[in-house]
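Data first, discussion second: the structure below is written as structure tokens.
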Amino acid sequence: MEIIEIKDLTLQRNNRQLFTGLSATIAKGSISAIVGPNGCGKSSLLLAITGDLKPSSGSIFIAEKNLQELSDLEQSHLRSMALQERTFWLPMTVREILALGQSDAAINQIEKIASDLGLTELLDNLVTTLSVGQVQRVEIARTLLRDCPIYLFDEPFAAQDLASKEKLIEIFKQLRSSGKTIILVAHSEVEKLSWCDQIIQLGS
Amino acid sequence: MKLRFSLIIIALNIAVVASLLLGATQVENIWRYLFSPGFDSASTNHLILWQIRIPRILVALLIGAALGLAGAIAQSAANNPLADPAILGTSAGASLGVVIGVLLNLAEVGSVLAVLFATIGALLATALTFTWARSVGALIIIGIGTSALFSAVVGLLITATNNPEIRSISFWSLGSLALATSESLLIITPVFLVCFFFAFKIAPQLDLLSLGDISVRHLGLSAKTIRLKAFLIIGLLVAVSVSTVGSISFLALAAPHIARILFGGKNRILTIASSLIGALILLVGDTIARSVLPPYELPIGLITSLLGAPILILLVRKAALTWK
């Protein structure tokens, strides 16, 4: 059963056309990887699915509802996304960052998710003192703490070592087993993404 | 944390006592005048204590708290540790608002109308900074530009009109508490209390801005709406400060940084801590400014920089406050 349907989508950003006429469906409880060369619109496609980037034409349906007709609050219940760019500029502890905007149930899960992502030792450190890879894992942990049917990750492996990458793949597979849908932007070559259910190739 | 709060409260009490005792004129029997307000009420000592020194101490405490609070909110609202009302253009906008109000004969420095003009100027300048800046990185550069632009217009208006009512360039660039009176308190006190109440109320929303605008939207909230509320509070706090005592530099940057290092980054704690630290720095600064070279006064902005900058530099070096 499909949870996301992309119909004849054209995206434009900063007056530059990224792609035209993209159609795809994403099944519930699957892992999809968006791949393609730099600048082809991979991250923009994620932002279109999250409703942050309005399509020039075409539409996106999530759980059979047109995304453009849903309020920000309604959309927030559908998905959780880990951004690639750094957004934590003020000195707060990792624990404080992870708790921001989370439900009480999610806050009770902080220790477990931190342990899964190798962040336990860093929970009381200032986020401003972490390395790029550690900050990326904080962002991924924050995303995983929210309970949503769809999870999106923008280049989650970009600054991770091999052990962290394998751990992340394991976590994504566990999410899939529990019926969640995962979409990620990857730079890996297609043959290295065999653990994914679907590859969405953008660009040439 | 309780110990740190207690130490700041003790320091504030010591600063208040020192500020009561120090000044160009030695007040004999000061405790008697203080605890028996009716005692010898026609004397110069009574006048100095109740009409000059006590209102000035209260103005220093409230304006310091207002600037400390405004700085803390500015950093959180901009999600940028370098943001403060001076850098975002808010202070220069408030100065221009008051100068225009005075030149049009619609307001006097320190009056309610001056606060209104200052608020309009402050909000206009801040809105321009955020409209022109397309990214968090550009915010500071654009803010410095906006601030320079508004300050230049203030300077030109003061020079061109030669109107003593609009005060000197020194007042608008370095500030002065010399003309603060008990009437000033009637405006400052309610504005600060109302702003503090709303700042405390929106503090959890300000925390969320640390995640960045897109992540705030992903939670179903609007970063713009939260920021707008923050700017209204900052605008009012800076307006009441600038229209009463001019622009006091550095305080709104130093106080929240010191508060963040001592008490962490959650905005509920920051609203209280940054207000207290701002109040302490300004009271100590003003006491030094008026008692080092009596009967002359040193510009308060210089003293707040001299006090705040070394503390800030030392703490930041020690606490890894910025990115590696």
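Each reported figure results from applying straightforward, stated rules to the coordinates on display, with no laboratory input. Nothing here was measured: the structure is a model prediction, and the numbers come from that model. A quick note on method: Cβ atoms are made from the backbone with ideal geometry, for glycine too, and the neighbour counts reach across all protein chains shown.
Here are the numbers for the structure shown:
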{"read-out": "Overall form of chain A per C-alpha gyration tensor (a/c, 1.5; a/b vs b/c)", "value": "prolate"}
{"read-out": "Assigned charges on the beta-carbon of Lys, Arg, Asp, Glu; chain A dipole about Cα centre (debye)", "value": "260 debye"}
{"read-out": "Set of aspartates and glutamates near B:LYS2 by C-alpha distance (under 20 Å), chain-local residues within fewer than 8 positions excluded", "value": "A:GLU96, A:ASP124"}
{"read-out": "Value of relative contact order over chain A, rounded to a whole percent, pairs C-alpha under 8 Å and six or more apart", "value": "31 percent"}
{"read-out": "Nearest-ten-degree value, helix B:182-208 long axis tilted from longest Cα axis of chain B", "value": "30 degrees"}
{"read-out": "Positive-pole candidate from A:PRO91, B:GLY71, B:ALA60, dipole of the protein assembly as shown, charges at beta carbon", "value": "B:ALA60"}
{"read-out": "Hz values of 3J(HN,Hα) by residue in segment A:107-114 - Karplus curve (6.51, -1.76, 1.60), Gly and Pro given as x", "value": "4, 5, 8, 4, 4, 5, 5, 4"}
{"read-out": "For residues of B:204-210, the mean tally of beta carbons on other chains within 10 Å", "value": "4"}
{"read-out": "C-alpha center-to-center spacing [segment B:258-302, segment B:1-71] in angstrom", "value": "14 Å"}
{"read-out": "Efficiency of FRET from Cβ geometry, B:TYR296 and B:SER222, R₀ 60 Å, rounded to 0.05", "value": "0.75"}
{"read-out": "Crossing angle, helix B:300-319 versus chain B [Cα axis fit, 0-90 degrees, rounded to tens]", "value": "50 degrees"}
{"read-out": "Relative contact order (%) - chain B, alpha-carbon pairs under 8 angstrom, separation at least six", "value": "29 percent"}
{"read-out": "Tensor-based shape of segment B:2-319 (alpha-carbon gyration tensor, a/c under 1.5 rounded, otherwise prolate or oblate)", "value": "oblate"}
{"read-out": "Chain B - mean residue ellipticity at 222 nm from DSSP helices (-39,500 (n - 2.57) per run, n ≥ 4, rounded to 500)", "value": "-24500 deg cm²/dmol"}
{"read-out": "For B:76-82, mean number of other protein chain Cβ atoms within 10 Å", "value": "2"}
{"read-out": "Nearest 10 degrees, 0 to 90: helix B:54-78 Cα axis against chain B principal axis", "value": "10 degrees"}
{"read-out": "Peptide A:96-106 - average C-beta neighbours from other chains (10 Å radius)", "value": "3"}
{"read-out": "Total charge dipole magnitude, segment B:215-294, about the Cα centre, Cβ charges on Lys, Arg, Asp, Glu only, Debye to nearest 20", "value": "440 debye"}
{"read-out": "Unsatisfied cross-links (Cα-Cα over 23 Å) in the set B:LYS229/B:LYS266; A:LYS7/A:LYS54; A:LYS42/B:LYS224; A:LYS28/A:LYS173; A:LYS180/B:LYS266", "value": "A:LYS42/B:LYS224; A:LYS180/B:LYS266"}
{"read-out": "Projected label distance in nm at A:SER59 and A:SER103, using a 7 Å step from Cα toward the beta-carbon", "value": "2.9 nm"}
{"read-out": "Chain B, dipole about Cα centre (Lys/Arg Cβ +1, Asp/Glu Cβ -1), debye to the nearest 20", "value": "1160 debye"}
{"read-out": "Estimated vicinal HN-Hα couplings, Hz - segment B:21-30 in sequence order (Karplus 6.51, -1.76, 1.60; Gly, Pro = x)", "value": "7, 8, x, 4, 10, 7, 8, 6, 6, 4"}
{"read-out": "5 angstrom amide H check on A:ILE200, placed H, neighbours 5+ away", "value": "A:ALA33, A:ILE34, A:VAL35"}
{"read-out": "Cβ crowding within 10 Å averaged over residues, with A:41-51, B:24-34, B:268-278 ranked highest first", "value": "B:268-278, A:41-51, B:24-34"}
{"read-out": "Segment B:80-123 residues near the modelled B:PHE200 label - backbone nitrogen below 11 Å, point 7 Å along Cα→Cβ", "value": "none"}
